[in-house]
Structures are given as structure tokens and as C-alpha cells.
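Undergrad: Before I ask anything, here is the structure I am working with.
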Amino acid sequence: MQLRTARLCLDCEEVHDAQQCPVCASESFAYISRWIEAPERRVKPRPASSESAETYGRLLEPERARPGTGRLLTRGALGLTLLGLAGWAWNRQGRPGARRPRPDDPGPARPDARTRGGKTDRGPSTTT
């Protein structure tokens, strides 16, 4: 049994390497390597990287032109601009039969706020 996979059953204190304790069938355990440090299995450490590994790494992951946040902001600004232009074009098109206001047109005639039905509201009448 390897020290890295050895487990201590928390119920019956049996040392095992299965998912369940073979004695009491409990699934509560703790790894032995928590208390006993396991030595490195390799005789000599793995090299940091080689020239061919770096070449393959560059081929698989192309360089990014800018960081992700900048790209996200640029795409967001471009999207908002496109939405604004689409809304402007939609409103500019107008609907069939709809009248577009002209700059020199004062608009439809509105009755004054003080008049109601052609009569002028002059406030409460006082008779002297």
C-alpha cells in the first residue's frame, strides 16, 4: 500500500486504501499523508521546460492582442453603438401614414390650458 493513498478509518482506526473501510464499511476517513509526509517519488526532478515544449505551447496558444477586460469593454462599446444606430435608423424610417414633424412646423394646435370647449375659464365669478 502506498503512503499517498493510505487512509485511516475514523470509526475503527483501520488503515486501508479503499473507498470504504473493509472492517466496518464506514466511508469516513482521513488520509495518512496528512500527518506523515510522503517523500518525492521521482529520483530527479522533472525539467522546467524544453525548447520544443515552448514551441508547441506558442503554436497552441496564440498571443493575445490585448487583455480580456479591454477586449470586453471594446466589444461592449461597439455593441452599444450598433444598437444606438439601429434604433436611430428604426425611428428615422417612420411608419407608413405617420407624419414626420418639420422644423418650421409648430405642431398641432392645442387649446390653451385656461380654455375648455371654446369657453374661457376666468376663474370664480364675483358679482358686485
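The values are calculated or read from the model by the stated rules, or taken from the named source; none is laboratory data. Just so you know, these numbers come straight off a predicted model, no measurement behind them. Ideal geometry is used to build each Cβ from the backbone, glycine not excepted, and the neighbour counts take in all protein chains shown.
Undergrad: How about region 29-88: which of its residues are of a type in the set (A, V, I, L, M), modelled with pLDDT of 75 or more and not in a helix (DSSP H, G or I)?
TA: Result: Ala30, Ile36, Ala38.
Undergrad: With the requirement that a residue be surrounded by 10 or more Cβ atoms within 10 Å (Cβ to Cβ), under 41 Å from the mean Cα position of the chain (by Cα) and under 11 Å from Leu8 (Cα atoms), what does region 19-58 give you?
TA: Hits for region 19-58 are Gln20, Glu27, Ser28, Phe29, Ala30, Tyr31, Ile32, Ser33.
Undergrad: A follow-up question, please. Is one or more of the residues making up region 13-22 of a type in the set (A, V, I, L, M), touching a Cys at 6+ places or on another chain (Cβ under 7 Å) and in contact (Cβ under 8 Å) with a residue 12 or more places away in the chain?
TA: If we filter region 13-22 for residues that are of a type in the set (A, V, I, L, M), which is where we start, we get 15, 18.
Now drop any that are not touching a Cys at 6+ places or on another chain (Cβ under 7 Å), which leaves none.
No, there is no match, as no residue in region 13-22 is of a type in the set (A, V, I, L, M), touching a Cys at 6+ places or on another chain (Cβ under 7 Å) and in contact (Cβ under 8 Å) with a residue 12 or more places away in the chain.
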